[in-house]
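Notes follow the structure.
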Number of protein chains: 2
Amino acid sequence: VTEPAESPSRRALPQVVLVVGTGLVGTSLGLGLRRIGVDVLLSDPSSGAQALACDLGAGRPLADPDGASAHGGAARPDLVVVAAPPDVVAAVVRAQLLKWPDAAVTDVASVKSGPLAELRTAGADLGRYVGGHPLAGRERSGGVAARADLFVGRPWVLTPTVESRPAAVSTVRAMARAVGATVSVMDAEAHDEAVAAVSHVPQVAASLVAARLRHLPQAAVALAGQGIRDVTRIAASDPGLWTQILAGNAGSVGRTLHALRDDLDAVIAAVDTLVEQRTGSTGGTDAGQAARAAVTDLVAAGNEGRSRIPGKHGSAPTRYVSVVVLVPDRPGELARLLGDVGGAGVNIEDLRMEHSEGRPMGLAAVDVVPGSADPLAGALRSRGWIVHA
Amino acid sequence: VTEPAESPSRRALPQVVLVVGTGLVGTSLGLGLRRIGVDVLLSDPSSGAQALACDLGAGRPLADPDGASAHGGAARPDLVVVAAPPDVVAAVVRAQLLKWPDAAVTDVASVKSGPLAELRTAGADLGRYVGGHPLAGRERSGGVAARADLFVGRPWVLTPTVESRPAAVSTVRAMARAVGATVSVMDAEAHDEAVAAVSHVPQVAASLVAARLRHLPQAAVALAGQGIRDVTRIAASDPGLWTQILAGNAGSVGRTLHALRDDLDAVIAAVDTLVEQRTGSTGGTDAGQAARAAVTDLVAAGNEGRSRIPGKHGSAPTRYVSVVVLVPDRPGELARLLGDVGGAGVNIEDLRMEHSEGRPMGLAAVDVVPGSADPLAGALRSRGWIVHA
């Protein structure tokens, strides 16, 4: 997705980027930009967080308010990226616009219309501001979890306005592409409607399901399996942060929740009908069949919606191919296999094991770059391994 | 959790078990029982599914309707386990009770009150029937996905009635414990109320969220991340099977859905209030603060409910310890590491890699039995590896 080096967006790549906020996203962005030679300045209200990001190689500290660096070089950013919590984003963006009158400024907040309205009301210079939202994250947070490849293959939405100058949009787009993201452009309202459906309402649903567990007998909670664990994983999220996000996107979240409640009402009516049928109080076979059909329709509608989600896990596109090998479950066998892989001159990108206690063999899935799969499979077979490639 | 060999439940272990239905659960049960020397007979309406289960080592075919085996041995089951789809469970259990007048009969269906009522209405011999529900599953289905350890550390609920003879309950309990499950006893209604909250309503919620994606612009769906993927993973489930399950447990599912809708109504009211506040049409600061508090309350309630789910992933209790080693990202280094592990005489139970493109090192997490972790870490350090154990 990254454009060739000679493209206009590559030429628009900023020379000096200031990242304000060195959590997971800010530090990952610094790592990604340093890899391609961009000069990255880092700033965080927490000096510990800022020092960690510098030690990890994400950039150098913004030394003083004038932007002169610790190394004495010129350090006026072409682009400022605000990676601050949602409730302070508009204020920090406005301050950075005032502080760096020649720089473009973007942010990475998950709600876009509200901060934009705040900036407009405050009379900020919207010509140099381009809202942004990289949809990238990890289970872990903070700079220590940062990865240079966090944005590779991930969406990065830009929400420019009619005021945005083309040069500012090009600079932000070039930066996002340079770290491997897939850039798309929406207006702020379309963005907020989209994230209501794919992020904010799923959060509410997870919380609603998890809340039902509060007063359940312990013996009942003990029956929880993988299904509810997946459905409620994000229910462990921070209430303060999510109040900011849901309140910040109340209009779109409300519309989607109303539509979801209509579907829920239909299912509840169907289930109530099935109960009445069983107890013989009302209805006949037709009502029962209609109720069953309503339940089937919802699950089928869920199938249809689920099938629209692209890819298998939403991570970066698969760049590797698995070579699957049967491995006897004895000490030394896995090492012998890995030795034979090394002997074939192939680098292992990833390796997963699947054991079954009831079977004498395990399976090792060895991930390699696509061009290495066939030669590796051949080399392993010639040494007696049973290989599925 | 499995009792010592001399305990009454061990003495109650059946000598011959007939498994009717050789899908994932039936075949896994056969594998688990064969490992401890139980004679397992297998029967499935699909001859291909039955043959696969036999080839996998889950048991031998039930040769003819009188139960004489292909090997000529006596083959009257002490226990019959019905592992059939939910809508036919009661009929198959009743048929097996009639066919084997001396055997105890159990089933593995996920709804218990309805089939019990059907059996009672049909005048089945409830003294020999003990309902059961192992809460175990995998992403994949069918005998080919079967594992002898599928039930290890997983809950297995028994729902005996006042009619159930103690010997029948002991036999079923002993069988479930013998394959490693944690047995609990509930009445059928308590079981159905529990699975409504931990399994059936999560399924409805996943379908409701996924259904919102149907008519979303493709550019919006493209923003889907890991959160909604987890929330909607089970939305890909089979509509026919889930109509059977939800209709079969309509009473408990309805009660839980009504309670969930009450919480949803509160959130919708709060979000609507926040929208009205922003557009200035109604309300003051107090109303806005109350609305924000209502949103915070729901997410906090979800935190509380989520925190009640035991364990991290709901899989079997962790039996291994990770030894984490820094591995230079060069061909041959992982093989050298594995060779050194083998040289230390330690068997690798599992191995996971974590790479970061922006770093010159990867991390290898080597899982070993607890007693091997410290000696392994010492051996690897003495050979120059950087180890976190």
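Miscellaneous remarks
- Treating each Cα of the stretch A:107-171 as an identical point scatterer and summing with the Debye formula, the log10 of I(q)/I(0) at q = 0.13, 0.20 Å⁻¹ comes to -0.45, -0.85.
- Value at 222 nm in deg cm²/dmol, rounded to 500, when DSSP H runs of n ≥ 4 in chain B each add -39,500 (n - 2.57): -14000 deg cm²/dmol
- Inter-copy spacing of residue B:102 label points, which lie 7 Å from Cα along Cα→Cβ, given in nm from shortest upward: 9.7
- Alpha-carbon spread of the stretch B:182-293, three principal axes, descending order, Å: 55, 36, 26
- Cα-based convex hull volume of chain B per residue, rounded to whole Å³: 228
- Taking all protein chains together, A:340, A:78, A:297 sort by accessible area into A:297, A:78, A:340, largest first [probe 1.4 Å].
- Nm distances between copies for residue A:76, ranked from closest, using label points 7 Å along Cα→Cβ: 9.8
- Carbon/sulfur fraction of accessible area - the protein assembly as shown, other protein chains in place, 1.4 Å, %: 54
- Pairs of Cα atoms nearer than 8 Å and 6+ residues apart set the relative contact order; for chain A it is 12 percent.
- Heavy-atom accessible area buried between chains A and B is around 10700 Å² (1.4 Å probe, both sides summed).
- The stretch B:94-133: radius of gyration and largest Cα-Cα distance (Dmax), Å: 9.5, 26
- At a threshold of 40 Å², the residues of the stretch B:197-212 that become less accessible to a 1.4 Å probe in the full protein assembly than in their chain on its own are B:197, B:198, B:202, B:207, B:208, B:209, B:212.
- Of B:196, B:303, B:266, farthest towards positive along the dipole that unit charges on Lys, Arg, Asp, Glu beta carbons give chain B: B:303
- Spin-label pair residue B:125-residue A:189: with each label point 7 Å from Cα along the Cα-Cβ axis, the two points sit 7.2 nm from one another.
- Probing with 1.4 Å while keeping every protein chain in the model, the per residue accessible area of the protein assembly as shown equals 41 Å².
- Comparing the protein assembly as shown with the 2.2 N^0.38 Å rule of thumb, its C-alpha radius of gyration ratio is 1.07 (two decimals).
- Positive dipole terminus of the stretch A:80-169, leading residue within A:111, A:144, A:159 (C-beta point charges): A:144
- Area of residue B:161 that stays accessible when all protein chains are in place (1.4 Å probe, Å², to 10): 30
- Centre separation in Å (Cα based) which lies between the stretch A:234-308 and the stretch B:201-248: 11
- Shortest-first nm distances, residue A:46 label point to equivalent points in other copies (7 Å, Cα→Cβ): 5.2
The values are calculated or read from the model by the stated rules, or taken from the named source; none is laboratory data. This one's a predicted model, so the numbers in the text were calculated from it and none came from an experiment. Cβ atoms come from the backbone with ideal geometry, glycine included; neighbour counts cover every protein chain shown. In case anyone asks, the SASA skips ligands and DNA or RNA and just uses the protein heavy atoms, side chains included. Shrake-Rupley method; radii C 1.70, N 1.55, O 1.52, S 1.80 Å.
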